[in-house]
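Below is one structure; the comments refer to it alone.
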Amino acid sequence: MKHKKRIPAVLACVLTAGLLLSACGGSPKSDSSSTKGPGSSTDAPADARAEKVAIEVMRVGWNTTTQMPKEQDNFVKKTLDEKLNIDLKMTLTSSADEFIQKLNIRAAGSDLPDVILFNGRNEFQEYVKKNILLDLEPYKEKLKPAADAIGDNVYSRVEVNGKHYAISLNPQSNWNLFWVRKDWLDKLQLPVPETLDEVFEVAKAFTDQDPDGNNKKDTFGITGSLGTLVHLINLQHGVADALYIKDGKMVNGMFEPEMKEALAYTQKVLNSGVVDPEIASNKGDNAKDKAFQGKAGIIISDWTQIMKDNEVEKWKGANPDAEFLMLNKLQGPKANILAAMDKSSVSGIVAISRQAAQDETKLNRIFDLINYTASGEGSELVQFGQEGVHFTKENGKPVITDRSAEAAFTWVYQLAGRPEAEYLSTKFAKQIDYIQASEQVEVLDTYNGFVVFPQNYNAADADRFKNEEMLKFQYGKTKLEQYDSFLEKLNTTFKYQIFQDSAMKQLQELGYAE
Amino acid sequence: MAHFPAPLNTAAMPKSAYRAKVWKRIWSMRILYLMLLPGVAYYIIYKYIPMYGVLIAFKDYDILSGIVRSPWADPWYKHFQFFFESPYFSQLLTNTFLISLYKTIWGTIPAIGVALLIHEGRSLWLNRIVQTLSYMPHFLSYVIIYGIAIAFLSETSGLVNRWVVEAGGNGIPFLTSTAYFRSVLVGTDVWKDLGWGAIIYLAAMSSIDATLYEAARIDGAGRLRRIWHVTLPGIRSVIILLLVLKVGSALDAGFEQIYIMYNLQVMPVADIIDTWVFRVGLEQLNFSLATAVGLFKSLIGLVLIFLSNKLARRWGGNLW
């Protein structure tokens with residue numbers, strides 16, 4: 001008996017101890033390897049003999065997250081580590097949502113990465129409000145090389161309350177445009193559409209006249225996402241759900257008379273049966289799949305989704321005769337605009353956490369890192385890979401080699417952006433025509449990005465109401481006569497007026513509005 | 001081995017003697033207490049200590065300052081007010097209650113039915129196969145369930161709608177129409193957890209005294225009679241117990257499922273408190289608001305569970 005009794009006692013002790021340990025024992029402090037880089041090159045920073053500094057960069061890596069090479073094959077990390085005497089760690093997430101979730105969790109635990117590359121301005125502003133990002137004002141001299149490489153408005157685009165917490169990366173202009181199946185046009189002997197009305201006439205023909213020739217009425221005209229379709233229709237009416245300048249005055253498109261006309265047009269289009277019935281709920285690649293499989297003849301997309309080599313392979317694979325044509329010029333009922341870009345828009349926002357700044361050596365290395373990738377050999381490394389392996393120089397201009405696919409991951413190290421024109425013409429030599437053509441698009445400048453949401457305005461609720469009601473107008477479930485009372489309710493119940501007033505005031509203070 | 005002594009006779013004892021006696025009894029059962037310790041430690045560490053985080057519902061929580069040093073909200077009910085003043089408040093509450101009510105009803109009755117069928121089934125191997133198959137979907141994640149739902153119910157490419165269109169009808173927007181969405185929500189949830197929910201009822205049924213069935217049979221009761229008069233009354237207390245527990249979580253309508261399955265078109269019938277909190281609170285880093293709403297939910301849940309327990313006492317199915 002005596003002997004038996006001891007077992008549960010011991011068991012209980014062990015269990016309790018285990019529980020306590022697992023609860024209290026945090027992750028052990030990771031010892032940063034203090035081995036010195038053996039071949040510190042000559043142009044390394046002055047304190048090269050100091051210890052390697054661990055730097056963590058966090059950003060959205062999209063598909064690349066799972067395609068990163070093993071550490072020993074990662075020539076970018078190797079080069080950067082050696083040149084700058086750092087131990088660079090990239091923390092990547094495969095989606096923007098995942099990024100912000102992980103970042104929030106780490107912020108809640110006061111364990112932020114050193115360099116954070118935000119994709120969205122809202123999240124960035126939230127983090128500024130939380131006071132966990134470093135004010136860069138005192139360090140502008142040190143960041144000058146990167147700032148010079150990026151351009152004039154590197155700080156002003158992401159200014160918050162007059163302060164500069166981040167450097168901004170230049171925007172990429174990948175417009176969502178109509179792409180039409182050229183082979184279907186030819187088959188039905190239709191001309192290339194030049195006006196918005198003609199686009200929908202073609203869509204109707206694609207729906208009714210059996211363009212794939214299988215004697216079944218199983219195609220429809222247009223797919224994509226409802227948001228982009230509505231956006232294009234709005235723009236062609238000279239209006240956008242945004243803040244922009246009209247006749248020299250800052251306006252909110254929601255309150256402009258053209259918005260109603262555009263809505264009426266959208267209603268007509270959506271009820272004509274030529275649009276993918278699931279356009280409002282397409283997620284991920286749904287729409288692209290439909291277009292590539294030949295279920296839809298027009299897709300709203302940007303060139304990267306259609307013309308990158310791997311995409312071409314997909315739709316050529318489904319139908320070798322397929323051919324997509326981009327409509328970069330279109331005359332709408334009121335305007336010929338096909339794109340809107342925020343004056344403040346950027347392709348990324350690079351901020352440094354205040355935690356990282358507590359260690360001055362580390363902070364300096366971070367600046368070195370950003371500056372190094374901004375221009376010259378560093379910039380080429382993160383754009384194209386290793387010279388002589390992934391690209392060669394012809395007349396001083398980089399030309400990619402057939403091994404460049406191995407360097408497809410290097411973009412995640414672009415911490416100061418890249419010279420876009422040079423980059424695209426090198427990397428996408430085959431697609432350069434589409435890229436240049438899409439640059440000729442007429443663009444509307446908008447200003448929403450400069451506005452910080454006022455305190456007692458619940459943006460999530462207001463957005464939901466706005467989007468939901470607009471959807472009803474678009475599908476004709478609500479009559480257009482109700483539009484004014486909808487605005488009234490948006491302004492009062494959902495306090496949109498507070499946002500509107502605050503936005504105008506903020507834009508005046510910044511000097512964009514009178 | 002440990003044994004259970006008779007209750008203390010406390011009436012005639014002086015206090016000190018009473019205390020000594022209690023300690024003695026505790027000491028005599030020290031092994032049992034020791035075995036209790038891990039459980040108690042678990043609850044203290046993981047359930048009670050984290051509760052001090054509830055403080056941030058009343059503070060303007062700032063990540064860098066931490067819970068203690070963040071300033072108090074002014075007024076203290078600021079975050080609660082923000083929630084109550086949302087124009088969607090009543091809609092959120094209605095949706096949450098309705099979805100959770102539907103899920104409770106449809107999560108109980110069919111499960112009991114399946115449990116009865118398996119219990120009454122006389123072919124042992126068939127019972128086993130049916131039981132295993134029916135509780136397997138429980139282990140699928142909602143992303144997969146959503147994928148299956150799309151494959152069957154999508155308006156353009158779903159199997160069901162292909163039949164409907166082939167038969168000359170129009171595609172039915174199961175996933176994008178306010179008329180169908182809740183049914184799809186509840187339907188997929190029922191499908192997922194049907195077999196799983198039946199397990200506990202089956203366990204309760206198998207503990208019913210077999211002599212009752214024999215007696216009923218001798219008295220001439222048929223199979224349905226036996227189900228009605230023996231099986232169902234036998235599991236009544238388990239049914240009530242589970243219902244009481246479910247009422248306590250009436251404000252949890254299944255965040256994961258709805259967040260994955262909803263879209264703008266069905267928001268008016270699908271947006272629940274938890275999805276709102278996710279959009280307004282967590283996506284915008286408003287942890288105080290999220291906590292305040294969480295606290296509100298817990299309080300309502302606590303009140304509900306008290307009330308339902310009181311009610312359940314009448315049928316002898318109370319928790320305490």
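Each reported figure results from applying straightforward, stated rules to the coordinates on display, with no laboratory input. Because the structure is a prediction, the values reported are computed rather than measured. Note that we place each Cβ from the backbone using ideal geometry, even for glycine, and neighbour counts take in every protein chain shown.
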- Item | Helix-only [θ]222 nm of the protein assembly as shown, DSSP H runs n ≥ 4, -39500 (n - 2.57) each, per residue, nearest 500 | -15000 deg cm²/dmol
- Farthest toward positive dipole pole in chain B [+1 Lys/Arg, -1 Asp/Glu at C-beta], among B:I26, B:S86, B:I200: B:I26
- Message: With viscosity set to 1.567 mPa s at 4 °C, what whole-number translational diffusion coefficient in µm²/s follows for the stretch B:224-279 from Stokes-Einstein and a Kirkwood radius over Cα pairs?
- Response: 92 µm²/s
- Check each of the chymotrypsin sites (Phe, Trp or Tyr not before Pro) in the stretch B:31-92 and keep only those in coil by DSSP with at most 14 other C-beta atoms within 10 angstrom; list them in order. B:W76, B:Y77
- Looking only at lysines whose Cα falls under 19 Å of A:K427's and that sit 8 or more positions away or on another chain, we get A:K308, A:K393, A:K397
- Item | Solution diffusion estimate, µm²/s, Stokes-Einstein, the stretch A:177-337, Kirkwood Rh from C-alpha pairs, 10 °C, viscosity 1.306 mPa s | 98 µm²/s
- Query: What's the percent breakdown of Cα-Cα distances in the stretch A:328-399 across 5 Å bins, shortest bin first?
  - Reply: 3, 11, 13, 12, 11, 12, 12, 11, 7, 5, 2, 1
- With springs only between Cα atoms under 10 Å apart, run a GNM on chain B and tell me which of B:Q265, B:Q91, B:Q257 wobbles the most. B:Q265
- Dimensions in Å of the stretch B:212-320 - Rg and Dmax from alpha carbons: 21.1, 68
- For A:Q482 paired with B:T94, estimate the spin-label separation in nm (one decimal), with each label point 7 Å from Cα along the Cα-to-Cβ line. 1.5 nm
- Query: Which whole-Hz ³J(HN,Hα) couplings does the stretch B:148-162 yield from phi under the Karplus relation 6.51 cos²θ - 1.76 cosθ + 1.60, θ = phi - 60°, glycine and proline marked x?
  - Reply: 5, 4, 4, 4, 8, 10, 3, 5, 9, 10, x, 4, 4, 5, 4
- Overall form of the stretch A:388-514 per C-alpha gyration tensor (a/c, 1.5; a/b vs b/c): prolate
- Query: Restricting to the protein assembly as shown, what percent of DSSP beta bridges are antiparallel, rounded to 5?
  - Reply: 60 percent
- Would you please give the FRET efficiency between A:Y475 and A:K129, computed as 1/(1 + (r/R0)^6) with r the Cβ-Cβ distance and R0 = 30 Å, to the nearest 0.05? 0.20
- Item | Convex hull of Cα atoms in the stretch B:45-107, direction-averaged projection (nm²) | 6.6 nm²
- Note on the structure: Percent antiparallel among DSSP beta bridges confined to the stretch A:177-337, nearest 5, equals 70 percent
- Query: When a footprinting reagent is the concern and you count Cβ atoms within 10 Å, what order do A:S375, A:S110 take, fewest first?
  - Reply: A:S110, A:S375
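Just counting partner chain Cβ atoms within 10 Å, what average do the residues of peptide A:458-464 show around their Cβ?
Average neighbour count from other chains, rounded to a whole number: 6.
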- Item | Cα pair distances in the stretch A:451-510, grouped into 10 Å bins until the bin that holds the longest one, percent each | 23, 45, 25, 7, 0
- Query: Hey, with R₀ at 60 Å, roughly what FRET efficiency would A:E201 and A:K163 work out to, going by the Cβ-Cβ distance, to 0.05?
  - Reply: 0.70
- Item | Spatially proximal lysines relative to B:K59 (Cα-Cα < 16 Å; intrachain offsets below 8 disregarded) | A:K129, A:K130, B:K78
- The base-10 log of I(q)/I(0) that the Debye equation returns for chain B at q = 0.09, 0.16 Å⁻¹, one scatterer per C-alpha, is -0.73, -1.33
- Find the Cα radius of gyration of the stretch A:126-188, compare it with 2.2 N^0.38 Å by division, and give the number to two decimals. 1.91
- the stretch B:89-313 - charge dipole about Cα centre, Lys and Arg +1 at Cβ, Asp and Glu -1, debye rounded to 20: 620 debye
- Query: Of the cross-linked pairs B:K47/B:K297; A:K144/A:K249; A:K249/A:K283, which ones have a Cα-Cα span greater than 28 Å in the structure shown?
  - Reply: A:K144/A:K249; A:K249/A:K283
- In whole Å, how far is the Cα centre of the stretch A:286-318 from that of the stretch A:142-177? 32 Å
- Query: Taking a point 7 angstrom from the Cα of A:N63 along the C-beta vector, which residues in the stretch A:399-439 have backbone N less than 15 Å away?
  - Reply: A:405-412
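Taking each residue in B:103-110, count the Cβ atoms of any other chain within 10 Å of its Cβ, then average. What number comes out? Working shown, then result.
Working: counts 0, 0, 0, 0, 0, 0, 0, 0.
Going residue by residue through B:103-110 and averaging, the value is 0.
How large is the charge dipole for chain A, taken about the Cα centre, if only the Cβ atoms of Lys, Arg (+1) and Asp, Glu (-1) carry charge, to the nearest 20 debye? Could you put the intermediate results ahead of the total?
Values: 61 positive and 73 negative charges, 456 e Å.
Using Cβ point charges on Lys, Arg, Asp and Glu, chain A gives about 2200 debye.
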- Message: With bins 10 Å wide starting at 0, give me the P(r) of chain A over every alpha carbon pair, in whole percents.
- Response: 3, 15, 23, 23, 18, 10, 4, 2, 1, 0
- Per the charge dipole of the stretch A:177-337 (beta-carbon charges, Lys/Arg positive, Asp/Glu negative, Cα centre), the residue among A:A203, A:F324, A:M250 reaching farthest to the positive end is A:M250
- Hey, what D do you get for the stretch B:201-253 in µm²/s if you plug the Kirkwood alpha-carbon radius into Stokes-Einstein at 37 °C and 0.692 mPa s? 264 µm²/s
- With the contact rule set at Cα under 8 Å and sequence spacing of 6 or more, what percent relative contact order holds for chain B? 23 percent
- Any idea what the dipole of the stretch A:60-163 comes to, in debye rounded to 20, about its Cα centre with Lys/Arg Cβ at +1 and Asp/Glu Cβ at -1? 60 debye
- Message: I'd like to know which of B:I99, B:L264, B:L117 lies farthest towards the positive end of the charge dipole of the stretch B:89-313, counting +1 on Cβ of Lys and Arg and -1 on Cβ of Asp and Glu.
- Response: B:L117
